[in-house]
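The values are calculated or read from the model by the stated rules, or taken from the named source; none is laboratory data. Just so it is clear, the model here is predicted, and its values are computed rather than measured. When we count neighbours, we look across all protein chains shown, and the Cβ atoms used for this are built from the backbone with ideal geometry, even at glycine. When the accessible area is computed, the model is the full protein with side chains, heavy atoms only, and any ligands, DNA or RNA have been set aside. Shrake-Rupley method; radii C 1.70, N 1.55, O 1.52, S 1.80 Å.
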Amino acid sequence: MADQETAASVDSEQQFWDELNKVVAAPCANHELLDDALRAWLELVARGREQYLDSEDDIARCSQRLLDSTMFSQNKEYVRTQIIYSLLQEDEFGPLHVIANFLLLDGRNDEATFRSMVGEGCFGRLLDVIKNCGNHDRRLHRIVLELMYEMSRIERLRFEDLLQVDDSFVASLFELIETLSDDAHDPYHYPVIRVLLVLNEQYMVASTSAAVDPASPSAPLTNRVVKVLSVDGDMFRTFGENLILLLNRETETALQLLILKLLYLLFTTTATCEYFYTNDLRVLLDVIIRNLLDLPSEMNVLRHTYLRVLAPLLAHTQLSQPPHYKRDQILSLLDILRGSGNVHFTPPEPTTLRLIERVGKTSWLVDDDGEPEISGKNPLGSLSLSQTGSTVSVVAHVSEKPGIKTPSRKLERGQETKPEPHSEECKVVQQQIGRSLRPRRSLPEVPKHRHGVPMTPPTLTTLHINGNGHKKLPPKLPPPRRKTKLRTVTGGEPRGLTEPLPTAASTHES
């Protein structure tokens, strides 16, 4: 074939890029020529992957060359369809890597690509590739994980797609995180965690939609992520540690929501409510307090989700046992969110106020003379069964467009401002960092006017000295005489070089 001859004739990296430019610039008057050009591009890049394309960015450059070409701009739908069909039919790891890279790059530019992939049944194909290539081609394994994550968070998966996920597949992802636990910067950590998070969201949406959709299948759909953690959670503790670390660092709203959805299910499930270590739960509580204080007033969806997670976190986990961690800070946080006594927080809308009161009814937050615990609560804590069911449905369907960063209250003000010294917000921060905050004294300003007359800096002038404009230097002092000790001179002994000469007075006396 012509494409194989072209790929075989490449002898250097520069020749590879030259041939690639020729392939993507070839005129394609009909679909037959377009198919030949696509096969030549795929074959050339797949072979170059083993010789010249060492990083994922290099393969992405090849994909971008095709996306920027005339053949793609004039035949977008046809090219996408052909490459999606190639994904379903290809078995070799090299071409699969190139196809997955192209679909990932194209889908991030146009979400219609991911929707077409779901419609064509690509989820099951990606599932098979992940299972088969994990121990043979790590580069392909990682790119397919990223492709599955991006595709699944854009489009809702079909019921038959989720049925293909079994316990062994989910457990293998958890095991992969455990094997990589020694390297926090390993590239596999976050792609694997993201796939587990998006699978959990798909299960939540499918289960809540089935309850109200009469056309949905009658067979219940098991959430494999929660099931594996319920049965073997003690074996996969690293996942929980990384989950909290990711929430602490993440600024993308959509990913924060994915993490909070899984946390909510774990804290409202009897078998997993104590999955996390106690110290990790304390770190999580610190993160939630900080993020709730930093959220701007317009971020109601994210604020509601944080509060929905905070309620079972305080009521169902080890934090409900004494000694209670940061009880005063939590109460101060609730007062701040109510908008009481703080000008930086506007009065909350009804949903926020209702969720604040739900958190405030946690048994160990209520004073002895306060409200009694609500009756009819389930064994997990303060939420009734009806409240839990409705909240799962609400939490499952909250979403945000990918790529949107969560704004910061500090950035909203234009600078990092500190709370008032005696405000509740300051008290929370004081107890968190273990020291008191004192207002920083500002330096006095340099006056710009004197009695209404603007002050101007003095100008430098040349100082003329001794008539020639140059200052004469004084003469240098002579060096000091060397001081030595006097030695007694006896008759007949020669004087040393350092002995002083006799003076005139001594000579006259003698």
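When Arg61, Arg47 are checked against the criterion of being open to solvent by 40 Å² or more (accessible area, probe 1.4 Å), in a helix (DSSP H, G or I) and more than 16 Å from Leu140 (Cβ to Cβ), a single residue qualifies: Arg61.
What do you reckon, is Ser168 assigned to a helix (DSSP H, G or I) and crowded, with 22+ Cβ neighbours inside 10 Å?
Numbers: assigned to a helix (DSSP H, G or I): yes; crowded, with 22+ Cβ neighbours inside 10 Å: no.
When the stated conditions are applied, Ser168 does not pass them.
Surrounded by fewer than 18 Cβ atoms within 10 Å (Cβ to Cβ) and assigned to a loop (DSSP other than H, G, I, E, B): is that true of Asp128 in this structure? Break it down into steps so the answer makes sense when it comes.
Numbers: surrounded by fewer than 18 Cβ atoms within 10 Å (Cβ to Cβ): yes; assigned to a loop (DSSP other than H, G, I, E, B): no.
No, not satisfied.
Residues that are among the small types (Gly, Ala, Ser), assigned to a helix (DSSP H, G or I) and modelled with pLDDT under 90 are absent from region 11-31 altogether.
Does region 72-95 contain any residue that is of a type outside the set (Lys, Arg), in a loop (DSSP other than H, G, I, E, B) and open to solvent by less than 20 Å² (accessible area, probe 1.4 Å)?
Taking region 72-95 as the starting set, the residues that turn out to be of a type outside the set (Lys, Arg) are 72-75, 77-79, 81-95.
This time we only want the ones that are in a loop (DSSP other than H, G, I, E, B), so: 74-75, 90-92.
Add one more test, that the residue is open to solvent by less than 20 Å² (accessible area, probe 1.4 Å), and what stays is none.
No, region 72-95 has no match at all.
Checking each residue of region 346-361 against the condition of being at pLDDT below 50 and assigned to a loop (DSSP other than H, G, I, E, B) gives no match. So for region 4-11 (the condition being among the hydroxyl-bearing types (Ser, Thr, Tyr) and open to solvent by 70 Å² or more (accessible area, probe 1.4 Å)), does at least one residue qualify? No - not one qualifying residue is present in region 4-11. The condition (being under 30 Å from Leu20 (Cα atoms) and at pLDDT below 95) is satisfied by just one residue among Arg158, Arg108, Arg153: Arg108.
If you filter region 145-155 down to residues that are over 11 Å from Phe123 (Cβ atoms) and not aromatic (Phe, Trp, Tyr), you find that the one that is surrounded by the most Cβ atoms within 10 Å (Cβ to Cβ) is Leu145. Taken as a whole, the condition of being open to solvent by 10 Å² or more (accessible area, probe 1.4 Å), among the β-branched types (Val, Ile, Thr) and over 18 Å from Ser393 (Cα atoms) applies to Thr270. When region 202-236 is examined, which residues are found to be at pLDDT 90 or above and part of a loop (DSSP other than H, G, I, E, B)? Once the filter is applied, which keeps residues that are at pLDDT 90 or above and part of a loop (DSSP other than H, G, I, E, B), region 202-236 yields Thr222, Asn223, Phe236. Within region 96-135, being in contact (Cβ under 8 Å) with a residue 24 or more places away in the chain and among the polar types (S, T, N, Q) holds for Asn101, Asn109, Thr113, Ser116.
Filtering region 24-39 to residues that are within 38 Å of the chain's Cα centre (by Cα) and open to solvent by less than 40 Å² (accessible area, probe 1.4 Å) leaves Val24, Leu38.
Okay, residues lined up against (1) in contact with a Cys (Cβ under 6 Å, 6 or more places away or on another chain); (2) modelled with pLDDT under 95; (3) β-branched (Val, Ile, Thr); (4) crowded, with 21+ Cβ neighbours inside 10 Å:
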| site | (1), (2), (3), (4) |
| --- | --- |
| Ser55 | no, yes, no, no |
| Asn101 | no, no, no, yes |
| His136 | no, yes, no, no |
| His141 | yes, yes, no, yes |
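Conditions tested, residue by residue: (1) under 21 Å from the mean Cα position of the chain (by Cα); (2) at pLDDT below 95; (3) part of a helix (DSSP H, G or I).
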| residue | (1), (2), (3) |
| --- | --- |
| Gly240 | yes, yes, yes |
| Leu243 | yes, yes, yes |
| Gln256 | yes, yes, yes |
| Thr269 | no, yes, no |
| Thr272 | no, yes, no |
| Ser297 | no, yes, no |
| Arg308 | no, yes, yes |
| Ala311 | no, yes, yes |
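Could you look through region 328-345, keep only residues that are under 23 Å from Val395 (Cβ atoms) and open to solvent by less than 40 Å² (accessible area, probe 1.4 Å), and pick out the one that is modelled with the lowest pLDDT? Quick ask: steps written out before the conclusion?
Kept after step one, since they are under 23 Å from Val395 (Cβ atoms), are these residues of region 328-345: 330, 333-334, 337-338.
Those left that are additionally open to solvent by less than 40 Å² (accessible area, probe 1.4 Å): 330, 333-334, 337.
Values: Ile330: 91, Leu333: 89, Leu334: 90, Leu337: 86.
Only one residue fits best here, namely Leu337.
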